[in-house]
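Let me begin by presenting the structure, written as structure tokens, before commenting on it.
The values are calculated or read from the model by the stated rules, or taken from the named source; none is laboratory data. What you see is a predicted model, and the numbers here were worked out from it, not measured in a lab. Cβ: placed from backbone, ideal geometry, glycine included. Neighbour counts: every protein chain shown. Surface areas here come from the heavy atoms of the whole protein model, side chains and all, with no ligands, DNA or RNA. Shrake-Rupley method; radii C 1.70, N 1.55, O 1.52, S 1.80 Å.
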Amino acid sequence: MLAVKGYAAHDAQTDLAPWTFERRDLAPHDVQIEILYCGVCHTDWHLLRNEWGHSQFPLVPGHEMVGRVVAVGAHARKFKVGDLAGVGVMVDSCRHCPDCENGQEQFCQVSPVQTYNSTGHDGLPTYGGYSNHNVVHEDFAHRISDKLDLAAVAPLLCAGITTYSPLRRWKVGAGHRLAIVGLGGLGHMGVKFGVAFGADVTVLSTSETKREDAKALGAHHFIVTKNPEEVAAATGRFDFILDTVAADHDINLYLPMLRTNGTYINVGMPLAPLQVSSFSLANGNKTVTGSGAGGLPETQEMLDFCAEHNIVSDIELIDIKDIHPAFERMLKGDVRYRFVIDMATL
Ligand code: NAP
Ligand code: ZN
């Protein structure tokens, strides 16, 4: 077994603290990755505090990791020692069910394995990227360009693919008006992809203080949703709204901003069910839909797209001992725009 250092919580009330644990020995198709950077997703917080009710402890969060391959299994061909590699929200699946065959392994119906808070095909609990090494099947490690700032690439593995995937699925691009609700980790990547795909992008934010940042990220317009006049002026404006909000909120504030035949795509994971008024759906044939991360092929496509178009996350690099002050800022909406842990501080 491989001895690994990480940060874990032992129940939903306690904070993350240093912990050593073991990962499996390298199987023939595995790669061992020395984790250099790991992004801090709001999901990490939801699971740390067991907000969704299915957290397993000890819990080592982190599903936005990039690093360097330090060992490869006897039959692993995708990477060689020294290559950069990234791991996102999942580390295994059955490969044979309709979803796996369709490149949507995140929805594997037989034996999906999340990067952490899950049980691997080896029977061991999975632990995430707030740690110094990971061992994963090579299929679930992605190739990472050496042209981009590596720390700023880490958030692409979750925040990136989670916003890229629905915008691609709905073919959002030139001629569309796209609104992004919530300018946080996912939201700021949604802005960057929306702009890169040619859409006219508006940020719908609760934070007036993010107005200039939104423009710097490429957004064309900014609306403070606490201002009723600005909200009213946006009635019927958008073809698509991508909602990335982590907290319970009323989407009926946003639905009237859709045009006829417009689509509301939810990717945030607040606990309370979304309440939808039948009137705001019927009036204008509106669609409300969701999206979950992205499959292996599309994640690699997104990473390659980012390398080609020089897209990375805007990050604040933190020492791992500052993870809880970072969570506190994230909970206040004060993330600019993704915290990334420098694993050298572990
Ligand atoms: P984040 O960085 O905390 O960003 C969320 C943003 O939502 C905040 O910055 C804030 O932006 C806005 N916000 C906060 N409270 C709000 C409220 N009460 N009403 C309206 N807006 C509010 O979080 P994240 O890491 O981007 O994650 C967002 C959510 O997506 C989480 O629930 C996470 O679990 C989920 N997620 C889902 C998937 C998936 O596969 N679907 C994947 C990853 C994450 P403003 O200041 O601009 O208002
Ligand atoms: Zn995430």
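Quick notes
- Single match in 14, 43, 20 (criterion: away from ligand 2 (no atom under 12 Å from the Cβ), within 29 Å of residue 182 (Cα to Cα) and either more than 24 Å from the chain's Cα centre (by Cα) or β-branched (Val, Ile, Thr) (or both)): 14
- The lone criterion from (1) under 22 Å from the mean Cα position of the chain (by Cα); (2) free of Cβ contacts under 8 Å to residues at least 12 places away in the same chain left unmet by residue 56 is number (2).
- Answer from 194, 190, 184, 198 - the residue that is at positive phi and either more than 16 Å from ligand 2 (Cβ to nearest atom) or under 24 Å from the mean Cα position of the chain (by Cα) (or both): 198
- Residue 275 meets each of the listed conditions (1) in a helix (DSSP H, G or I); (2) open to solvent by 60 Å² or more (accessible area, probe 1.4 Å); (3) not basic (Lys, Arg) apart from (1).
- Here the strands (runs of 3 or more DSSP E) wholly within the stretch 87-183 that include at least 3 residues being at pLDDT 95 or above and open to solvent by 10 Å² or more (accessible area, probe 1.4 Å) are 90-92, 133-137.
Rundown of residues vs (1) in a helix (DSSP H, G or I); (2) more than 12 Å from ligand 1 (Cβ to nearest atom); (3) in contact with a Phe, Trp or Tyr (Cβ under 8 Å, 6 or more places away or on another chain); (4) among the aliphatic types (A, V, I, L, M), yes/no style:
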position	(1), (2), (3), (4)
215	yes, yes, yes, no
223	no, no, no, yes
260	no, yes, no, no
263	no, yes, yes, no
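- For the residues 304, 248, 243, the requirement of being farther than 30 Å from residue 53 by Cβ and either touching a residue at least 12 places away in the same chain (Cβ under 8 Å) or within 16 Å of ligand 2 (Cβ to nearest atom) (or both) singles out 304.
- Lone unmet requirement of (1) assigned by TED's automatic domain parsing to the domain that holds residue 64; (2) basic (Lys, Arg); (3) under 29 Å from residue 248 (Cβ atoms) for residue 143: (3)
- Hey, residue 263 under 24 Å from the mean Cα position of the chain (by Cα) and open to solvent by 50 Å² or more (accessible area, probe 1.4 Å) or not: no
- The stretch 278-300: number of residues that are open to solvent by 40 Å² or more (accessible area, probe 1.4 Å), closer than 14 Å to residue 165 by Cα and either more than 16 Å from ligand 2 (Cβ to nearest atom) or part of a loop (DSSP other than H, G, I, E, B) (or both): 1
- Enumeration of residues in the stretch 193-212 that are open to solvent by 50 Å² or more (accessible area, probe 1.4 Å) and under 18 Å from residue 333 (Cβ atoms): 206, 208, 209, 211, 212
- Of the residues making up the stretch 20-41, those that are open to solvent by less than 60 Å² (accessible area, probe 1.4 Å) and assigned to a strand (DSSP E or B) are 21, 23, 30, 31, 32, 33, 35, 36, 37, 38, 39.
- Selection within the stretch 213-255 - among the basic types (Lys, Arg) and buried (at least 16 other Cβ atoms within 10 Å of the Cβ): 237
- Qualifying residue in the stretch 62-79 (condition: away from ligand 2 (no atom under 16 Å from the Cβ), among the aromatic types (Phe, Trp, Tyr) and either touching a Lys or Arg at 6+ places or on another chain (Cβ under 6 Å) or open to solvent by less than 60 Å² (accessible area, probe 1.4 Å) (or both)): yes
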